[in-house]
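What follows is a set of notes on a single structure, which appears directly below.
The values are calculated or read from the model by the stated rules, or taken from the named source; none is laboratory data. Not measured: the values here are computed from a predicted model. Note: ideal-geometry Cβ built from the backbone for every residue, glycine included; neighbour counts use all protein chains shown.
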Amino acid sequence: MVGTPIVALNTWEGLKGVDRLLVEMTRTVNASRSMTFRHLTLPSILPYLLAAVRVMVGFSWKVSVLAELITGNRGIGQALFDAWEKARIAQVFGWTVWLVGLMFATEYLLIRPLELRMTRWRRA
């Protein structure tokens, strides 16, 4: 829910960037709307969507930790706040490193392989 505006705005920017001349060319060769979307529009907006996913995932983690910090009585945010409040610097550092590791794992084990698979056509 937090990332919906990010994805919507990036998708809108990607749609505005679709080359109108190429759209006209698909119409002149009588390509269907689904073919135009699948072969022209989707590849054009894919970099925008992937960038939005990257930003959204990072933002979502931050919002989740912040929500736990403010409202929860358990969770990473609360544990981080508790360690900070009691001046347990090692625990604060440990939780911070854990969160950064989690974000790197999400990036390199989930998002990056997905991006490589979805953009195989670009490397050809």
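Scan region 17-27 and tell me whether some residue there is in a helix (DSSP H, G or I), under 27 Å from Ile111 (Cβ atoms) and under 24 Å from the mean Cα position of the chain (by Cα). Break it down stepwise before answering.
Taking region 17-27 first, the residues in a helix (DSSP H, G or I) are 20-27.
With under 27 Å from Ile111 (Cβ atoms) added as a condition, the list becomes none.
There is no residue in region 17-27 that is in a helix (DSSP H, G or I), under 27 Å from Ile111 (Cβ atoms) and under 24 Å from the mean Cα position of the chain (by Cα).
I'd like the residue in region 95-121 that is among the polar types (S, T, N, Q) and part of a helix (DSSP H, G or I) and, out of all such residues, is farthest from Trp84 (Cα to Cα).
Of the residues in region 95-121, the ones among the polar types (S, T, N, Q) are 96, 106, 119.
In the following step, the residues that additionally are part of a helix (DSSP H, G or I) were identified as 96, 106.
Numbers: Thr96: 11, Thr106: 25 Å.
Out of the qualifying residues, it is Thr106.
Scanning region 65-109 for residues that are within 30 Å of Pro47 (Cα to Cα), in contact with a helix residue (DSSP H, G or I) (Cβ under 8 Å, 6 or more places away or on another chain) and at pLDDT 85 or above yields Thr96, Trp98, Leu99, Leu102, Met103, Thr106, Glu107.
Can you say whether Leu114 is under 30 Å from Thr11 (Cβ atoms), surrounded by 13 or more Cβ atoms within 10 Å (Cβ to Cβ) and not charged (D, E, K, R), as far as the supplied structure shows? The answer is no for Leu114. Note on region 64-106: among residues that are loosely packed, with under 14 Cβ neighbours inside 10 Å and β-branched (Val, Ile, Thr), the one that is nearest to the chain's Cα centre (by Cα) is Val100. Residue pairs whose Cβ atoms lie under 8 Å apart, separated by 6 or more positions or on different chains, with the first residue in region 71-89 and within 16 Å of Ser60 (Cα to Cα) and the second among the charged types (D, E, K, R) and assigned to a helix (DSSP H, G or I), are Gly75/Glu68; Ile76/Glu68; Gly77/Glu68.
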